[in-house]
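Please read the structure below before turning to the comments.
The values are calculated or read from the model by the stated rules, or taken from the named source; none is laboratory data. Keep in mind the model is a prediction, meaning the values are calculated, not measured. Note that each Cβ is placed from the backbone with ideal geometry, even for glycine, and that neighbours are counted across all protein chains shown.
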Amino acid sequence: MELPKTPSFRLDGRRALVTGASSGIGLGAAVALAEAGAHVVMAARGLDRLAEAVEAMRAKGMSAEGVKLDIADIDQTADFVAQVQPFDILVNSAGLARHSPATETRVADFDAVFDINVKGAFFLAQAVARSLIEAGKPGSLITISSQMAHVGGIDRAVYSATKHAVEGFTKSMAIEWGPHGIRINTICPTFVRTPLTEPTFSNPERMRWIKEKIKLGRVALVEDLIGAVAYLASDASLMVTGTSLLVDGGWTAD
């Protein structure tokens, strides 16, 4: 009897682009991919923290380099992707949140959040996919979305709208790019403890709401997400595309 062979989670010889990589989920994703053998190009808007992260990874024997990149600058992003070798893996962890009651949302905040979370994410995926298609290569594209792509949330009408939009274009892109062997998916975490989310966790009312909704009884850590990144980037998920992987502690189970 010939037994099934477990697909490899290794990423040796593959190139990965991780945006928002200087801290938090993006940094965790970069580490996970590099530990699996990928060469990781880490992108962020600021170079100081990014350089520190790259240096720390290299000190551990990981293959990484840093680049300054703002995905809200569509032309800059497209030019960068077009000028380098195709990326086998994309993890877009760049994002923005400006929370407010819907009745108090300002046009400037609405535009800023959509420019990064939707427009920037869309055209980044487009640029990476174009490069892969031209090279005749398969690939795995991953966007860090949110549980708010599947539900609503207090003071999060704009943020939720952007993440619902990401889910929509992910499904359409999966249909178009599937014949090229390009997979595209999202990871939808619950609240993750990072420096950017500390203001939410310092609000007792918001913390009560969060703890009531997360069935596992705690907020997520970056380490809770990076296994999902490694899975979707690897050959273990070759039949997974156009969908979302919820890492939400049961938030959306209701």
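Here are a few things to note about the model shown:
- Here Leu96 meets the list (1) outside any strand (DSSP E or B); (2) surrounded by fewer than 17 Cβ atoms within 10 Å (Cβ to Cβ); (3) without any contact (Cβ under 8 Å) to a residue 40 or more places away in the chain almost entirely, failing just condition (2).
- Screening Ile89 on (1) over 22 Å from Phe122 (Cβ atoms); (2) among the hydrophobic types (A, V, I, L, M, F, W, C); (3) touching a Lys or Arg at 6+ places or on another chain (Cβ under 7 Å); (4) at pLDDT 95 or above shows it passes everything except condition (1).
- The condition (being in contact (Cβ under 8 Å) with a residue 40 or more places away in the chain and not assigned by TED's automatic domain parsing to the domain that holds Arg98) is satisfied by just one residue among Arg183, Arg206: Arg206.
- Inspection of region 199-209 finds a residue satisfying the criterion of being within 21 Å of the chain's Cα centre (by Cα) and either more than 17 Å from Gly250 (Cα to Cα) or polar (S, T, N, Q) (or both).
- Condition check for Asp88: farther than 27 Å from Glu198 by Cβ and surrounded by fewer than 12 Cβ atoms within 10 Å (Cβ to Cβ): no
- Residue identified as in contact (Cβ under 8 Å) with a residue 12 or more places away in the chain and under 14 Å from the mean Cα position of the chain (by Cα) among Val67, Val54, Val81, Val31: Val31
- The lone exception for Ala236 - which of (1) surrounded by 19 or more Cβ atoms within 10 Å (Cβ to Cβ); (2) hydrophobic (A, V, I, L, M, F, W, C); (3) touching a Pro at 6+ places or on another chain (Cβ under 7 Å) it fails: (1)
- Any chance His164 is closer than 25 Å to Pro86 by Cβ, in contact with a helix residue (DSSP H, G or I) (Cβ under 6 Å, 6 or more places away or on another chain), touching a residue at least 12 places away in the same chain (Cβ under 8 Å) and surrounded by fewer than 19 Cβ atoms within 10 Å (Cβ to Cβ): no
- Here Gly152 does not fit the description of being in the same structural domain as Asn117 (by TED's automatic domain parsing), over 18 Å from Thr19 (Cα atoms) and assigned to a helix (DSSP H, G or I).
- Filtering region 27-39 to residues that are part of a helix (DSSP H, G or I) and within 18 Å of Phe87 (Cα to Cα) leaves Leu27, Ala29, Ala30, Val31, Ala32, Leu33, Ala34, Glu35.
- Residues being crowded, with 18+ Cβ neighbours inside 10 Å, over 14 Å from Leu17 (Cβ atoms) and touching an Asp or Glu at 6+ places or on another chain (Cβ under 8 Å) - total across region 100-149: 3
- Residue tally, condition assigned to a helix (DSSP H, G or I), surrounded by fewer than 17 Cβ atoms within 10 Å (Cβ to Cβ) and at pLDDT 95 or above, over region 172-197: 6
Every residue, every condition in (1) assigned to a loop (DSSP other than H, G, I, E, B); (2) buried (at least 22 other Cβ atoms within 10 Å of the Cβ); (3) of a type outside the set (A, V, I, L, M), yes or no:
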residue: Glu2; (1), (2), (3): yes, no, yes
residue: Ile25; (1), (2), (3): no, yes, no
residue: Val41; (1), (2), (3): no, yes, no
residue: Asp70; (1), (2), (3): yes, no, yes
residue: Asp79; (1), (2), (3): no, no, yes
residue: Ala82; (1), (2), (3): no, no, no
